[in-house]
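K.L.:
Have a look at this one.
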Amino acid sequence: PEDLTAAVTRADQLALRHESEAVIKALEGFKLDDSPTACQARLLLGKAWRKLRKYGAAQRQLDAVAKRCEDESKRKAAYLAARVAAVSKNARAVELLEAFAHQWPDDPLTDDVLWWLGELLERHGDADGAQSVFTELLARFPTGDMAHEARFALAMVHATRGDDAAARALLDL
């Protein structure tokens, strides 16, 4: 492609076919500014690097979109950046997850983010934090797609603490 717009169009089609290496190749020669087209290119690059499990490269692109862009790509990039951080055990994972949940409190993706946050806190031995996040998830998104997982995880937190009655109450609906 001769220009960035054409390259983004091509890269978007390649991404739909899960051709991550080709997405990177289509976009790698362009200098990316803060334009909406550049934001879309960075988002595509972030997704491609994530699929290739090159988390550092993915994080750099997604962070740039989250910081520099103001369109819909900002929310998508913040979501993916939080996910990449959580999966790659990045020290900023909790910060990014909390920031997404705070900035987009009513977004349908926020229940996923809260689930990841609770799961991460639990893995790090913060049962109080995990309990708080799972409780928040259930209160804010009682019919969300992560509600069942959060209910079970919260029941396990209670059971681990010896509060079998609270655990059963969560599971006996």
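The values are calculated or read from the model by the stated rules, or taken from the named source; none is laboratory data. Source: prediction; values computed, not measured. Reconstructed Cβ throughout: ideal geometry from the backbone, glycine too, with neighbour counts over all protein chains shown. Heavy atoms of the whole protein, side chains included, go into the accessibility calculation; ligands, DNA and RNA do not. Shrake-Rupley method; radii C 1.70, N 1.55, O 1.52, S 1.80 Å.
K.L.:
Check whether at least one residue in region 85-94 is open to solvent by 60 Å² or more (accessible area, probe 1.4 Å), under 29 Å from A159 (Cβ atoms) and touching an Asp or Glu at 6+ places or on another chain (Cβ under 7 Å), and report yes or no.
P.N.:
Within region 85-94 (the criterion being open to solvent by 60 Å² or more (accessible area, probe 1.4 Å), under 29 Å from A159 (Cβ atoms) and touching an Asp or Glu at 6+ places or on another chain (Cβ under 7 Å)), the answer is no, since none of the residues qualifies.
K.L.:
For region 63-89, how many residues meet the condition of being of a type in the set (K, R) and outside any helix (DSSP H, G or I)?
P.N.:
Of the residues in that region, 1 qualify.
K.L.:
Out of the residues in region 1-55 that are small (G, A, S) and under 21 Å from K67 (Cα atoms), which is most open to solvent (accessible area, probe 1.4 Å)?
P.N.:
S35
K.L.:
Of the conditions (1) part of a helix (DSSP H, G or I); (2) touching a residue at least 24 places away in the same chain (Cβ under 8 Å); (3) surrounded by 14 or more Cβ atoms within 10 Å (Cβ to Cβ), R60 clears all except one; give me its number.
P.N.:
Unmet for R60, out of (1) part of a helix (DSSP H, G or I); (2) touching a residue at least 24 places away in the same chain (Cβ under 8 Å); (3) surrounded by 14 or more Cβ atoms within 10 Å (Cβ to Cβ): (2).
K.L.:
Can E136 be described as assigned to a helix (DSSP H, G or I), at pLDDT 95 or above and either among the charged types (D, E, K, R) or surrounded by 15 or more Cβ atoms within 10 Å (Cβ to Cβ) (or both)?
P.N.:
It is true that E136 is assigned to a helix (DSSP H, G or I), at pLDDT 95 or above and either among the charged types (D, E, K, R) or surrounded by 15 or more Cβ atoms within 10 Å (Cβ to Cβ) (or both).
K.L.:
How about region 144-166: which of its residues are within 14 Å of W115 (Cβ to Cβ), open to solvent by 60 Å² or more (accessible area, probe 1.4 Å) and part of a loop (DSSP other than H, G, I, E, B)?
P.N.:
D145
K.L.:
Now for a separate question. How many of the residues making up region 98-125 are open to solvent by less than 30 Å² (accessible area, probe 1.4 Å) and either at positive phi or not in a helix (DSSP H, G or I) (or both)?
P.N.:
Total satisfying the criteria: 1.
K.L.:
Do we have E95 as over 22 Å from L171 (Cα atoms) and in a helix (DSSP H, G or I) here?
P.N.:
For E95, the condition - over 22 Å from L171 (Cα atoms) and in a helix (DSSP H, G or I) - is met.
K.L.:
Could you check region 64-74 and list, in sequence order, the residues that are modelled with pLDDT of 90 or more and surrounded by fewer than 21 Cβ atoms within 10 Å (Cβ to Cβ)?
P.N.:
Once the filter is applied, which keeps residues that are modelled with pLDDT of 90 or more and surrounded by fewer than 21 Cβ atoms within 10 Å (Cβ to Cβ), region 64-74 yields only A64.
K.L.:
From (1) in contact (Cβ under 8 Å) with a residue 24 or more places away in the chain; (2) at negative phi, pick out the condition that doesn't hold for A6.
P.N.:
(1)
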